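These notes concern the structure reproduced below.
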Amino acid sequence: MKRLADLGTQGEPFQFRLPKPCSRQRFAPILVIAAMSGLVATAQSPAAWASADSGQFFSTYCFSCHNQKLRTAGVALEGADPAQASAHPELWERVIEKLRAGTMPPPGRPRADAATYRTVASSLEDEIDRAWAAHPNPGRIGAVHRLNRAEYSNAIRDLFALDVDVKPLLPGDETADGSFDNFADSLSISTAHLERYMSIARQITRQAVGLPPANPGLERFEIPLHVLQEDRESEDLPLGSRGGLAIHYNFPVDGEYLIKVRLQRQYQDYIKGMGWPQQLDVRLDGKLLKRFTVGGNAPGRPAASSYAGDGEPGFAGDDSWEKFMQIGGDAGLEIRVPVQAGPRIVGVSFVRELWETEGLPQPLQRGRVITDDQVYMGYANVGSVQIGGPFQAAGSVQDTPSRRAIFICQPTPLATGAAASAANSGATSEAERACATKILSKIARLAYRRPVTQSDLRTLLEFFDNGRREGGSFDYGIQFALERILSDPDFLLRIYRDPAPAKSAASKPAASAPVAYRLSDLEVASRLSFFLWSSIPDDRLLTLAERGQLSNPATLDKEARRMLADPRAVDALVNNFAAQWLNLRRVEEVVVDPDRYPNYDLSLIQGFQKETELFVASTIREDRNVSTLLNADYTFVNERVARHYGIPGIYGSRFRRVTFSNHEQRGGLLAHGSLLATTSYPDRTSPVLRGKWLLNNIFGMPVPPPPPGVDTNIADPPGAAPTTMREKLVRHRQSAVCSSCHSAIDPLGFALENFDVIGGWRTIDEAGRPVDASGSTPSGAKLDGLSGLRALLLAEPAQFPRTLTDKLMAYALGRKTDYYDRPAVRIIVRGAAAHDYRWSSLILGIVQSPSFLMRESQTAQTD
């Protein structure tokens, strides 16, 4: 398996070249948006159409609807010349989309064979792509591009070596039609943003510099109620532990801190698992701080089983027992401990004790039972952990990763005389000013992503002087200047500036159409780092940009490869690109009917998400053919997920790589529980949701929302005999308005009907009938189940790489892709074919493309 370090041939850069046209014939397209007239024609071979007059081709398939008079669906092909497709690319890209999809003409109408579809589409693409390569249209991103929350967090990490999650502290980022949250035109800037940016800047810089907070703080970390705590919950917790959580926490200064545990309660606030003694550990960086014993000591007579909180006479417990169950059971589960400043791991977990209930085994009951029952003789669980402090802070911090990143120098220690008097008076010494200049120059250069000007330094040193004077120390001055950097628009915004328009002899700007211009090396560096790392450029990339060396394709290629090999690239592409492309961020929103699926719990859903993240990361890290995402014979599971999938021999909470023995039922993203659960309703599967998701995200054919006023209710009429989902959708497609989309959506969704709401394999559906996973596409292609759907997707090797490249391009550019981006996508994919459509070939192709390196100006630029 090739690693990222071995990409390419002998270190040659990825070249962005237009391949030779695969066909010189120019054919008229087949585009029928609405029902065609009653023409009867027989499908002809590509050779037959090659020799036929293009006018006859159009008149046979298109003119009856798409003429100047009818203009069906707003499209008129009559009079349009396919030989000059590049003159009207927007129109012909719509034609190509329908040809590639095979969705027109509608079923039952005359149509050419599949080979003719491909030939006609290819000839149109060749004509458009040649013209685009000669005169690229890179499109225009908005002039102001705000950092989103993920980019802000990552920038803080890379500036200060401080791993903090600022997402809860900032307003949410808008997305464009549910796609990516880094689109410039969707990232608004409000008063709330400005207020939060200034507040967060102070919190972060004080923590990074190591200044003690004005008052002790208290943070709460909760475990969701529906997470099972029956196994080891984290690799950061010890072997032999059960439940709890591991908290990565940055202690701001040396001092005494409070760690307080609250046990989990049911819906009437009764503590769970108090019927027997269990041991609870509190650890810091793996070292045991204290072991508590909880449960087994409840005083008085307990309530009748499952009647805790009922209050009904004869069933409630003694008063002392009631108070213990609500208040006393976890009273005193807290410690105060001295902690050194810096990143630490606070671990809270139970000592695992295995047991089995006596009597006849009962089915597992999940869902609402987790909320309702106090499981008196079951496991106690951790509900939340609070970390408070610092109390009795030890003063200034001397050594943390953040201080090592910031304080690259220290002012010379002051002696006696005038220098000491200046320090005592709050004035800045020359040594302090020199060191502050060095520190602030370095941080501002990285934060602003450009060389620092004298004006920048004057402003920052003014803030340093003010902070130094008011705080009374060098560290306070640095903190105040850093706070100013994080509030600066040059940090928060990426600004694109058009070249100045040329002036005419009358000293007025010359008016002409927009033209494409190349981005500066500094702009390319920022675009590259935010694409691959979701963060700011590092020192090496910025230095190359300052020297103008990123204009060299070989240097740019080398840097892109270096950055791809960095772990930050995999993390960013998985957590920011793939998580949005595959809708993984919606996994936590999944709601499942516990009556129909009693084995469901949040631990399973979280396991699904982890499985998909690890799987996608493996394909990127190993630089696999991107089609591995669809046809892989392996995945990553822990015991909970493996049991759900029916994979034997997997024990424990650790995720590991497993190979499927039955590739017909599992393998690839399409069989992942995360994607299947997010495209289902709580009590039933949805072929429509699944089919729409497949078209939008895998086939690359966006499905428009239903037209206004269309009835989307497919429920059986009152009093009618119950029908299957397939029968309901057949009835729904009887409407011509609905059929145009559902004829493509439904068959794809039915191909996944062997998977239930939470991704379990089934042969009987919710109605108790055998699952029918067969169907046919509008082009007539037959598919049956997962294997048939997978075969359809892989039949054309470039189809899925084209979809993925389009998604990656939109994410890389920070804007929606449009018709003028299609040629760039096709050229990248053709070039990637020689490299087996590996992740690196697509990513490097994007980086070298004119769409990535250029931008369209608002006014013309002349010599």
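The values are calculated or read from the model by the stated rules, or taken from the named source; none is laboratory data. Note that this is a predicted model, so its numbers are computed, not measured. As a convention, Cβ positions derive from the backbone with ideal geometry for all residues, glycine included, and neighbour counts pool all protein chains shown. Protein only, heavy atoms only, side chains kept; ligands, DNA and RNA dropped before computing areas. Shrake-Rupley method; radii C 1.70, N 1.55, O 1.52, S 1.80 Å.
In region 830-857, what residues are in a helix (DSSP H, G or I), open to solvent by less than 10 Å² (accessible area, probe 1.4 Å) and within 15 Å of Ala810 (Cα to Cα)?
Leu842, Ile843, Leu844, Gly845, Ile846, Val847, Ser851, Phe852, listed by residue number.
Please go through region 560-569 and give me each residue that is aliphatic (A, V, I, L, M) and farther than 16 Å from Ser153 by Cα, ordered by number.
Ala560, Met563, Leu564, Ala565
For region 517-565, which residues satisfy the criterion of being of a type in the set (Val, Ile, Thr) and assigned to a helix (DSSP H, G or I)?
Matches in region 517-565: Val524, Thr543, Thr555.
Which numbered condition in (1) open to solvent by less than 60 Å² (accessible area, probe 1.4 Å); (2) at pLDDT below 95 is the only one that Lys503 fails?
All conditions are met except number (1).
From the set of residues in region 617-641 that are among the hydrophobic types (A, V, I, L, M, F, W, C) and open to solvent by less than 20 Å² (accessible area, probe 1.4 Å), which is nearest to Asp601 (Cα to Cα)?
Here the answer is Val641.
Residue under question is Arg540, and the condition is that it be of a type in the set (Lys, Arg), surrounded by fewer than 23 Cβ atoms within 10 Å (Cβ to Cβ) and under 26 Å from Ala405 (Cα atoms); does it hold?
It is true that Arg540 is of a type in the set (Lys, Arg), surrounded by fewer than 23 Cβ atoms within 10 Å (Cβ to Cβ) and under 26 Å from Ala405 (Cα atoms).
Which of the residues belonging to region 608-630 are under 15 Å from Leu675 (Cα atoms) and either free of Cβ contacts under 8 Å to residues at least 60 places away in the same chain or in contact with a Gly (Cβ under 8 Å, 6 or more places away or on another chain) (or both)?
Phe608, Lys610, Glu611, Glu613, Leu614, Phe615, Val616, Leu629, Leu630
Would region 546-566 turn up any residue that is touching a Lys or Arg at 6+ places or on another chain (Cβ under 7 Å) and either at pLDDT 95 or above or exposed (fewer than 14 other Cβ atoms within 10 Å of the Cβ) (or both)?
No, there is no match, as no residue in region 546-566 is touching a Lys or Arg at 6+ places or on another chain (Cβ under 7 Å) and either at pLDDT 95 or above or exposed (fewer than 14 other Cβ atoms within 10 Å of the Cβ) (or both).
Among the numbered criteria (1) modelled with pLDDT under 95; (2) open to solvent by 20 Å² or more (accessible area, probe 1.4 Å), which one does Tyr496 miss?
It fails just one condition, (2).
State all residues of region 130-149 that are crowded, with 22+ Cβ neighbours inside 10 Å and either part of a helix (DSSP H, G or I) or without any contact (Cβ under 8 Å) to a residue 60 or more places away in the chain (or both); if no residue qualifies, say none.
Residues satisfying the conditions are Trp132, Asn148.
Mind checking which residues of region 236-282 are hydroxyl-bearing (Ser, Thr, Tyr) and within 33 Å of the chain's Cα centre (by Cα)?
Within region 236-282, Ser241, Tyr249 qualify.
Which one of these is touching an Asp or Glu at 6+ places or on another chain (Cβ under 7 Å), modelled with pLDDT under 65 and over 23 Å from Arg733 (Cβ atoms): Ala47, Ala52, Ala85, Ala43?
Result of the check over Ala47, Ala52, Ala85, Ala43: Ala43.
Of all helices (runs of 4 or more DSSP H) completely enclosed by region 391-458, which ones contain at least 1 residues that are at pLDDT 75 or above?
Result: 401-406, 430-448.
Does Gly646 fit the bill of being surrounded by 18 or more Cβ atoms within 10 Å (Cβ to Cβ) and within 30 Å of Thr724 (Cα to Cα)?
no
The rows are residues; the columns are (1) in contact with a strand residue (DSSP E or B) (Cβ under 8 Å, 6 or more places away or on another chain); (2) part of a strand (DSSP E or B); (3) touching a residue at least 40 places away in the same chain (Cβ under 8 Å).
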| position | (1), (2), (3) |
| --- | --- |
| Ile200 | no, no, yes |
| Leu218 | yes, yes, yes |
| Gln229 | yes, no, yes |
| Tyr257 | yes, yes, yes |
| Arg262 | yes, yes, yes |
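What single numbered condition from (1) open to solvent by 30 Å² or more (accessible area, probe 1.4 Å); (2) at pLDDT below 95; (3) closer than 30 Å to Asp231 by Cβ fails to hold for Gly652?
Only one criterion in (1) open to solvent by 30 Å² or more (accessible area, probe 1.4 Å); (2) at pLDDT below 95; (3) closer than 30 Å to Asp231 by Cβ is unmet by Gly652, namely (1).
Given the conditions (1) touching a strand residue (DSSP E or B) at 6+ places or on another chain (Cβ under 9 Å); (2) without any contact (Cβ under 8 Å) to a residue 60 or more places away in the chain, report the number of the one that Arg585 does not fulfil.
(1)
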